[in-house]
Amino acid sequence: MARLPKLAVFDLDYTLWPFWVDTHVDPPFHKNSDGTVRDRRGQSIQLYPEVPEVLERLRGLGVPIAAASRTGEVEGANQLLELFDLVRYFVHREIYPGSKVTHFERLQRKTGVPFSQMIFFDDEKRNIVDVSKLGTKWCYLHSCPAWNEPSNPNSRIRCIHKGPSWTLRSSHLRHRTERKSGGHFQVHL
């Protein structure tokens with residue numbers, strides 16, 4: 001069994017939801033009586049479908065969760081976390097413009113968790129490059145066209161690559177590690 005991280009850190013834009021909160025949607029946001037979240041123009045806004053399940057699984061495993069986002073739309077990002085009922089998962093939120101290194105340094109000071117015992121989920125390689133220099137484990141999220149899955153926010157499968165040989169499929173949430181053909185591992189939380 002793989003050792004669990006002491007802190008899981010998630011980016012927001014294109015990691016929890018399929019848009020940039022500062023450019024693709026118009027705050028303020030609200031929740032309709034039917035439970036749908038909408039922006040100022042009435043556009044429906046959704047999370048990636050697997051997000052609540054992944055966050056719930058991590059919480060169930062006792063892994064604390066934090067947010068690290070460099071968005072300029074701080075109020076809108078926090079509002080979406082509240083409207084989607086995700087704030088209950090995040091023990092810390094570092095949401096402001098700037099380098100993710102600053103976000104992680106603050107998280108390290110607040111939690112006392114060494115960088116080497118954190119895992120970081122993000123869709124932007126530049127952030128991963130910056131944070132990996134701290135010694136943080138990282139996971140690069142993207143859709144999986146090689147698996148003939150649509151590259152869209154409704155896809156039930158998004159793969160997460162850690163380095164050249166690790167893949168996590170969030171659609172199968174178990175806690176084990178198995179060897180796959182071709183030298184790849186599949187990690188199930």
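Just so it is clear, none of the values below were taken in a lab; they were calculated from the coordinates. Given the structure is predicted, the values throughout are model-derived calculations rather than measurements. Every residue, glycine as well, gets a Cβ built from its backbone with ideal geometry; the counts of neighbours run over all protein chains shown.
Applying Stokes-Einstein at 37 °C and 0.692 mPa s to the Kirkwood radius of region 60-134, computed over alpha-carbon pairs, gives a translational diffusion coefficient of 252 µm² s⁻¹.
So, with +1 on the Cβ of K and R and -1 on the Cβ of D and E, and no other charges, what is the size of the charge dipole of region 1-109 about its Cα centre, to the nearest 20 debye?
Numbers: 14 positive and 15 negative charges, 88 e Å.
So the magnitude is around 420 debye.
Which shape class, rounded, prolate or oblate, goes with region 23-77 when its Cα gyration tensor gives a ≥ b ≥ c as root eigenvalues, a/c under 1.5 marks rounded, and past that a/b bigger than b/c marks prolate? Oblate. Under the rule of at least 5 residues apart or a separate chain, name every residue whose amide H is placed under 5 Å from the amide H of Tyr14. For Tyr14, whose amide H was placed from the backbone, the distant partners under 5 Å are Phe19. Share of pairwise Cα-Cα distances greater than 21 Å in region 1-137 is 40 percent (whole percent).
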